[in-house]
Amino acid sequence: INGGAGGDDSLQQLSQAITNRQQMELHMHKMNGMPMNPRDQCNTEELSCHDSLAELTELPSLMEYSTAQAVVDQVIEVDTLVTKLLKVLRLVQLDNDNCIQQLIVDKNKLQQHKEDMLEKLKDLEDVNLKLQDELMDATQELMIKGSDLSGAKAEMQRHRNEIDRLNEDICTLSTLCSSYKKLSPTTEFPPMRLLSPNQDSDQGDVLGILNLLKMWQAGGQLKDPRVRGYLEIANGTQVQSPHQHNNNVERLRIYANQLEHVSRVLDNALPTELHAPLQQLRQDIEVVRTNANWTQLLESNETDHNANGDVATP
């Protein structure tokens, strides 16, 4: 209650001070508006003497005016500061509103950018999964290709080994053909029935020897001192035993089997039309086949005596 009464007194005093100042300012304004000419001043004083006396009686005392003046000045100063503070607060509020609006705009942009980045991230994840699948497929395909390459390498090595074996057979066959040509370089003779299984062994031996002697006589080989010496020595020795004869037959059968095997290899495995030496070798084999008639020496169940008989013909 005392605080409320004190506030009311302060407000009344402030109101009274403002009223006194307003009255003083109004009086000063009227005094400043009076004419300075003495005659006019006299006339004016006569006309408004009564009014001036009335107003002077209403003006506050000098003490009251001074007190009211100080209070009013403080109030005006405070009012001015408050007004400036309100203006500053208003500017701050406006700036704050602008900042809030800008932050809202930036937030929306960031939200949109975030959504775009999430969408791009999802697309990249899909691409990553696709690339992983393709990588797995490529890895499996590479493994398959590597396995095929290893198989092809092994197959190529097998063919190389087969070629090496064939080269050895060809060298052996070439040696046999060369030896045969040295024995009969120019003379052709009808197919030999030597050691034919369907003939008598003695008759086959005689016919074969006769054909061979005819061939050597036509070619001049009988004139060679070594051959003549051998024939002279042979005339003094006994006839070959049946056991030795069978061994010779078996050896001839083995040679015939080897030649037949090489002939099959040349017919089936190698492109002989591209190699002139192989063509010549085939022709030599055909000559030996025709003259020696080795097909009669081979039986259907004959064991393959060739060194490479265990290798399958491609």
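The values are calculated or read from the model by the stated rules, or taken from the named source; none is laboratory data. Note that the structure is predicted; figures quoted are calculated from it, not measured.
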Task: Selection count, the range 133-166, where residues are within 21 Å of the chain's Cα centre (by Cα) and at pLDDT below 90 - done: 0
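Each row is one residue, and each column tells you yes or no for (1) more than 30 Å from residue 264 (Cα to Cα); (2) among the β-branched types (Val, Ile, Thr); (3) outside any helix (DSSP H, G or I).
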site	(1), (2), (3)
71	yes, yes, no
92	yes, yes, no
97	yes, no, no
134	yes, no, no
145	yes, no, no
161	no, no, no
